[in-house]
Structure formats: C-alpha cells, structure tokens
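The values are calculated or read from the model by the stated rules, or taken from the named source; none is laboratory data. These numbers were taken from a predicted model, which means no experiment stands behind them. Backbone-built Cβ (ideal geometry, glycine too); neighbour counts: all protein chains shown. Side chains included, ligands, DNA and RNA excluded: accessible areas come from the protein's heavy atoms. Shrake-Rupley method; radii C 1.70, N 1.55, O 1.52, S 1.80 Å.
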Amino acid sequence: MKALHFAFRALWHRKATSFFVAVIWALGMIGLAMTTRLERTAEAQLTRTLEGTDLLLAAKGSPTQAILAHVFHRDQASGNISIAEAEKWLSHPDLSHVRRLAYGDNYQGYRILGSDSATWNGVSRQPILGRWPEGALEVVLPRSIAERQGLALGDHFHGSHGAVDDLGDHDEHHYTVVGIVTPDQAFWNEVIWTSLESVWAVHEHSAPEYTAVLARIESPMTRLMLPGQIQRQSPLMAVSPAMEANRMVGWMNQGGAILRLISWLLTGIASLSMFLLLQSHIRERLGEYALVRAMGGTWGQIAALVLGQNLLLALLAFALTYATLALAYATSQWWLPAGFSLYADLWWDLQPDQLWWVLHLFLALFAGLGPWVWLQKIPLHRALVDS
Amino acid sequence: MSWVLQSTELEISLEGGKTFVFPPLELLPGELVLLQGNSGSGKSTWMHALAGLLPMHSGHVEITGHPIYHASSPTPRGWRRHALGLMPQRAFFWNSLSLNENLALAAWSKGLTAEPAPLGRVGLAGKEGQSARTLSLGEQQRVNALRAFMGTAPVILADEPTASLDDMHAEQLLHLFREILGDRAMLVSSHDARLAPFVDRIITLP
C-alpha cells in the first residue's frame, strides 16, 4: 500500500499530464464499453420486440422500412393492404397472436395507430389509468404524450391528416382520451392508440384497409415456408422479422467492429503515452529512483513504485469510463433516438467488459515494463554522481 | 577495539578505462573518518565501491555481522539495506513527497517497519509536511543525514556532505554527525579542509 501511496503522489505531482493520459486511456475504454452496450441494447431491443412476431404483412416495399414502421413505429408505411387479401392468409392454422394495424392521422406529430385488442394486450406496461378503447374515436395516450400535450382523461382533440402535422385537419372528428398508460418499451411512447374502427371512421370516404398485420407462427416449418409462399402468391409483402433482424444486427456489428478498432487504436496511443510519461519522469528523477535502489530497494519495490503509477492511471481510466457510462445511462433520454431505450440489465452487465479489463491492465503494466527494467540496469554509481 | 568495516585493497575500473586502486581500510565503532583528496582523486568512487554500488576487479569488503562482499560477485542480497547508511552528495528528495513521506520512503526502501526518527531530532520540528524544496541546503543535508542513519546499519558513508554549505552550516552538520553517531563508524569524503578539526582520523587520497 505504501508503494501505491508513493506512486500516487508521484502522479499527483504531475497531475495535468497524468490526467490527460488517463483521459486518452478512458476514451479507448469508453469506446469499447459503449459500442458493446449499444450493440447489445439494439440487438436485445430487436429480439425482445420481435419476440412473438414471425410474420409481417405489409404493402410491397423495403422489409427494413416495414419493420421500422410497423414494429417500432419509427418510419412511414409504404402503403395499405387489402383486408380481404390479408385475411385470406390469416386463416392459416399455424398463425396465432394476430395483430392488425391501420395507420390513422396524427396529433401534434404523434401517430394515431388503429389497432385491435391483441396489439395493446401485448404491450408491456404499467397498469392503465382509465381503460382501452371500446368505441370509435376513443384513444389511449402514453403518459409522456399526455404530459407534454396537457391532456387528461375525458379530454378531446382532433387529428391532422396523414402522418405529419401539416396536411389539413379532420375538425369534424373529435377523439376522446379514455386511457393513459406507461409502456415499458420506449417506442410505444410515440404512438396514440385507437381502434381500427376509429381510423376507418375518420377516413369514411375510403374503403377500410389494414396498413400491416403482425402474427406469430407456431410451427418452425411454416415459419420458414409461409413468408415466401405469400410473397409468391399474393400482392402482399411478407417479411420474416427475425431474419431481417439478423441482417440488421449484422450491419450493426460491422459498424461496431470499426468503432472497436478505433477504440483499440486510442488504447494503443494511450499505452504509448503512458510509456513516454513514465520514461520521461524516471529520466527526470533518475537520482531519486537510484537512491531508492542504493538504500536497498528491491526489484519488487521498484516495480511497485514504477508499475504502480501505471496501475493507478489505469484505475483512474476505469473510474472515468464507468462514470461516463453512468452519465450516459442517466441522460440517455436526451441522446438516444426517440423511441429507443437502454436496458439496465444489459448496461450494467460487466461480464462482457472483463476481457478488456484484463487486456487494459496488461497493457498498462506492459507500458511500465520497459522503464522498470531500464531502471534496474542503470549503473547506480553514475546515476548518483551525474544526476 | 574490533573494526566494523574492513576492506582489502580494492581495484576498480571505470568506464573509459580509468583504474583506481584503493588501500586497505578499517573503520572502528564510534569513529568519524575524513576521506580527503582533490577532485578526481576517486573519493566518491571508493565510497561507492565500499557500498557495493560499483563492481570491483579485486578485493572484498566486510562489515561486521553481514555477509562479505567479494569482487566479481553481486552485492549480497539485502546487504545495503542493513549494513550501510548512504548519504549521497545530492540529497535526492522526491519533490512529490513531504519531508516525512521522504523519510517513510527511505524506511520502506530499507525494509524498516519502525517509524522514522522525528525531524525534531535534526532541529526541523514542524516542517514534516513541507517539501524539501522549501528547505535551505543546510537543512536538506540534515534530513539527508537523518535518512542515512535510519535503522541499525553499523557503517555510514557520506559523500561530500558539506560541499554547498557555508561555515556555520558545515559545522552544525559535523556536530550533528558526532551527536547521532553512537557506536557506528562513519566515513565522510570531502575536499573541504574545514572538516579536519571535527574528525577522529583523516585519510588522504593522492
């Protein structure tokens, strides 16, 4: 412990440069830690959200856009689909947990989503205040929208046409707030729920249509075969969200690999800086170190003094890294894209960090190895006379 | 009286080919010996050879109660920790540490578990938390002496301890040596003629 105290005081004596090296070191670790966490969060969000959704029927277009639009409600739909055509496939005996969606208008930029009870029954949430829609033009708001818009149970509002706010109002149709919920998954905070009938009632001059249908496929074989069959035999686009999710995860992993490489480059620079800082410090204070040896300091004691400085810098970098992670977690609502959220269990799971803990500690000690060995080799006589 | 340090003739070769041959030496308990000589006569080299800081070509050094240090063999393990106290010409204090911490570092280097002697012993009470940079050269040499006398080493080697001191501080330092010497033997190298009246014996290098 004494060695660490002396090492700490040596670092404190040149605190600006020490802190600078620790910050570079931490930047590398933050890059690694954040990349891993964001990848795992995105993967988990995809997996957890897509759980129970093996089939997505929508208008022809991009499968990725369809998933973003109809599962995460973060993109525009590419069109509507015929109810008759969709229902033809929905009678398949292997389908269950069928969720029908019809996009309505928007209110202040928030999408009014026509859906059936299967959809809102599947939303993980806190107990609802009020109730789910039972009749036309009844809506349920996420608490965040209710608070932002100052709406409470029993309030009325009218939507604007389309998914954006400037395409004209539907003044004659007033929605009534009958429920307020707090969903667990952040993307539900951007959606206003209503019944399918509400959407069709507002657009009474058009034939009723679905925008998309989501369903679970019980049989693994059907899970493989049915989307292709629908694609071939109908005008609908049938997407297997799990497969699309795998592709998306693959893209994310490629991006993550580049970020990891940059992080390791930063770590390399930090390691070199640590070596140079220590080496220049020892050269500058050669007489002091030589005297420790001359007084009888052992190899182990010199190692503790020298490597202890790098160890403390690495520990400071660890502290900076986890402080940054805590800050990032606490402020995620400001920097994460709307509709995404972090999972505490994944964010604070330290198990995947353990490999780079070991590698960083090894690098920190390795960066001190050269100066330590050099210090053991210097002729004490010269160091004490010439320093 | 039996010696505490005995050295045979020592032959030392420095980088650059310069060779020194130093005469046999014995130091007795309680003895303060001045090693005189001009610059370049080899005073520091002899002291460092006696301390095992320089490889010897021939000869050996023995300190009572400790393993013999032979030429062409490494300094015995832990020898300098327990057999010798060193007072280099420059005090080499760690500026990052307070005076007390510098003493603690020395104790730690020597493997001593006891608390270092208080600075009051050398008239510097109250300055424990200060950096050595705040002390005068004379005060620094007193702390340097306190550090060298730490532990129970029977021999103290001091290299040019009065080199930068004025008469008053040089005299104070010599009085301090005498005061804390006890049964140890001390060899002081210096070209400073002011030291002669304060020592028991003078060895002059040509």
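Taking the condition of being open to solvent by 20 Å² or more (accessible area, probe 1.4 Å) and within 14 Å of another protein chain (Cβ to nearest Cβ), how many residues in the stretch A:359-375 meet it? Even if it seems obvious, please write down each step before you answer.
Of the stretch A:359-375, the ones open to solvent by 20 Å² or more (accessible area, probe 1.4 Å) are A:359, A:361-363, A:365-366, A:369-370, A:372-374.
From what's left, within 14 Å of another protein chain (Cβ to nearest Cβ): none.
Adding up the residues that qualify gives 0.
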### Message
Test of understanding: among A:Asp349, A:Asp345, A:Asp353, which residue is in contact with a Ser or Thr (Cβ under 8 Å, 6 or more places away or on another chain) and away from every other protein chain (no Cβ under 14 Å)?
### Response
A:Asp353
### Query
So which pairs qualify, if the first residue must be in the stretch B:192-206 and of a type in the set (Phe, Trp, Tyr), the second must be open to solvent by less than 80 Å² (accessible area, probe 1.4 Å), the Cβ gap must be under 6 Å, and the two must be at least 6 apart or on different chains?
B:Phe198/B:Leu174
## Note on the structure
Those residues of the stretch B:27-57 which are more than 14 Å from chain A (Cβ to nearest Cβ) and either exposed (fewer than 15 other Cβ atoms within 10 Å of the Cβ) or in a helix (DSSP H, G or I) (or both) amount to B:Asn38, B:His57
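The rows are residues; the columns are (1) touching a His at 6+ places or on another chain (Cβ under 9 Å); (2) open to solvent by 60 Å² or more (accessible area, probe 1.4 Å); (3) among the acidic types (Asp, Glu); (4) free of Cβ contacts under 8 Å to residues at least 40 places away in the same chain.
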| residue | (1), (2), (3), (4) |
| --- | --- |
| A:Arg223 | no, yes, no, no |
| A:Leu236 | no, no, no, no |
| A:Met248 | no, no, no, no |
| A:Gly256 | no, no, no, no |
| A:Leu261 | no, yes, no, yes |
| A:Thr267 | yes, no, no, no |
| A:Met274 | no, no, no, no |
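Here is a yes/no grid of residues against (1) among the basic types (Lys, Arg); (2) at pLDDT 85 or above; (3) part of a strand (DSSP E or B); (4) in contact with a strand residue (DSSP E or B) (Cβ under 6 Å, 6 or more places away or on another chain):
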residue: A:Gly162; (1), (2), (3), (4): no, no, no, no
residue: A:Asp171; (1), (2), (3), (4): no, no, no, no
residue: A:Ile180; (1), (2), (3), (4): no, yes, yes, yes
residue: A:Thr194; (1), (2), (3), (4): no, yes, yes, yes
residue: A:Glu197; (1), (2), (3), (4): no, yes, no, no
### Query
Quick one: is B:Ile63 of a type in the set (Val, Ile, Thr), open to solvent by less than 10 Å² (accessible area, probe 1.4 Å) and away from chain A (no Cβ under 11 Å)?
yes
### Query
Which of the residues spanning the stretch A:68-102 are under 21 Å from A:Ile192 (Cβ atoms) and under 27 Å from the mean Cα position of the chain (by Cα)?
A:Leu68, A:Ala69, A:His70, A:Val71, A:Phe72, A:His73, A:Arg74, A:Asp75, A:Gln76, A:Ala77, A:Arg99, A:Leu101
### Message
Suppose we keep only residues that are open to solvent by less than 50 Å² (accessible area, probe 1.4 Å) and assigned to a helix (DSSP H, G or I) within the stretch A:325-343. Which one would you say is nearest to A:Glu43 (Cα to Cα)?
### Response
A:Ser332
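Looking at the stretch B:1-13, which of the residues that are part of a loop (DSSP other than H, G, I, E, B), in contact (Cβ under 8 Å) with a residue 40 or more places away in the chain and of a type outside the set (Asp, Glu) is nearest to B:Gly59 (Cα to Cα)? Before you say what the answer is, go through the steps one by one.
Going through the stretch B:1-13, the residues part of a loop (DSSP other than H, G, I, E, B) turn out to be B:1-4, B:8-9.
Of the ones still in play, those that are also in contact (Cβ under 8 Å) with a residue 40 or more places away in the chain are B:2-4, B:8-9.
If we keep only those that are of a type outside the set (Asp, Glu) too, we end up with B:2-4, B:8.
Values: B:Ser2: 20, B:Trp3: 17, B:Val4: 17, B:Thr8: 5 Å.
It comes out as B:Thr8.
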### Query
In this structure, does A:Glu284 turn out to be in the same structural domain as A:Trp12 (by TED's automatic domain parsing), more than 29 Å from A:Trp264 (Cβ to Cβ) and surrounded by fewer than 21 Cβ atoms within 10 Å (Cβ to Cβ)?
yes
### Message
Taking the criterion of being at pLDDT below 90, farther than 24 Å from A:Leu327 by Cβ, part of a helix (DSSP H, G or I) and open to solvent by 20 Å² or more (accessible area, probe 1.4 Å), would at least one residue in the stretch A:108-118 satisfy it?
### Response
yes
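State yes or no: is B:Ala107 in contact with a His (Cβ under 7 Å, 6 or more places away or on another chain), open to solvent by less than 10 Å² (accessible area, probe 1.4 Å), hydrophobic (A, V, I, L, M, F, W, C) and more than 7 Å from every other protein chain (Cβ to nearest Cβ)?
Values: in contact with a His (Cβ under 7 Å, 6 or more places away or on another chain): no; open to solvent by less than 10 Å² (accessible area, probe 1.4 Å): yes; hydrophobic (A, V, I, L, M, F, W, C): yes; more than 7 Å from every other protein chain (Cβ to nearest Cβ): yes.
When the stated conditions are applied, B:Ala107 does not pass them.
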### Summary
Picking from B:Asn144, B:Asn95, the residue that is open to solvent by less than 40 Å² (accessible area, probe 1.4 Å), more than 17 Å from B:Arg184 (Cβ to Cβ) and either in contact (Cβ under 8 Å) with a residue 24 or more places away in the chain or not basic (Lys, Arg) (or both) would be B:Asn95
### Task
Might you let me know whether the stretch A:57-64 holds any residue that is within 14 Å of another protein chain (Cβ to nearest Cβ), assigned to a helix (DSSP H, G or I) and either aromatic (Phe, Trp, Tyr) or surrounded by 17 or more Cβ atoms within 10 Å (Cβ to Cβ) (or both)?
no
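Within the stretch B:66-78, track down each residue that is open to solvent by 30 Å² or more (accessible area, probe 1.4 Å) and within 14 Å of chain A (Cβ to nearest Cβ).
Correct list: B:His66, B:Pro67, B:Pro74, B:Thr75, B:Arg77, B:Gly78.
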### Query
Do you know which of the residues in the stretch A:299-311 that are modelled with pLDDT of 90 or more and open to solvent by 40 Å² or more (accessible area, probe 1.4 Å) is nearest to the other protein chains (Cβ to nearest Cβ)?
A:Gly300
